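The structure appears right after this line, and notes come after that.
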Amino acid sequence: GEGYELTDTQREALVAAFDHGYYDSPRQATLTEVAADLDITQQSLSSRLRRGTRRLVAATLVTE
């Protein structure tokens, strides 16, 4: 569906990272900076981005 089965925290993390330029090349923000803005640990952010990205790829690029 439209939500790609992302949790609210995964969506928030992905959007925040995108908005900060984390996915730009070259990167405009570090994991540390994005995590600080969300008031979570770098480890939590990394985990949310990884799980969220996995769900997005599974929902959009991988065919059954």
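Things to note:
- Residue count for region 20-39, restricted to those that are open to solvent by less than 40 Å² (accessible area, probe 1.4 Å) and assigned to a loop (DSSP other than H, G, I, E, B): 3
- You will find that of GLN10, GLN43, the residue that is modelled with pLDDT of 95 or more, open to solvent by 50 Å² or more (accessible area, probe 1.4 Å) and not small (Gly, Ala, Ser) is GLN43 and no other.
- Criterion applied to ALA59, ALA17 was being modelled with pLDDT of 95 or more and assigned to a helix (DSSP H, G or I), and the one residue passing it is ALA17.
- Cross-chain or 6+ apart pairs with Cβ under 7 Å, region 27-47 first and more than 12 Å from GLN10 (Cβ to Cβ), then of a type in the set (Ser, Thr, Tyr) and open to solvent by less than 40 Å² (accessible area, probe 1.4 Å): ALA29/TYR22; LEU31/SER46; VAL34/TYR22
The values are calculated or read from the model by the stated rules, or taken from the named source; none is laboratory data. Computed from a prediction, not measured in an experiment: that's the story for all the values here. Ideal geometry is used to build each Cβ from the backbone, glycine not excepted, and the neighbour counts take in all protein chains shown. Just the protein is used for accessible areas: all its heavy atoms, side chains included, with ligands, DNA and RNA removed. Shrake-Rupley method; radii C 1.70, N 1.55, O 1.52, S 1.80 Å.
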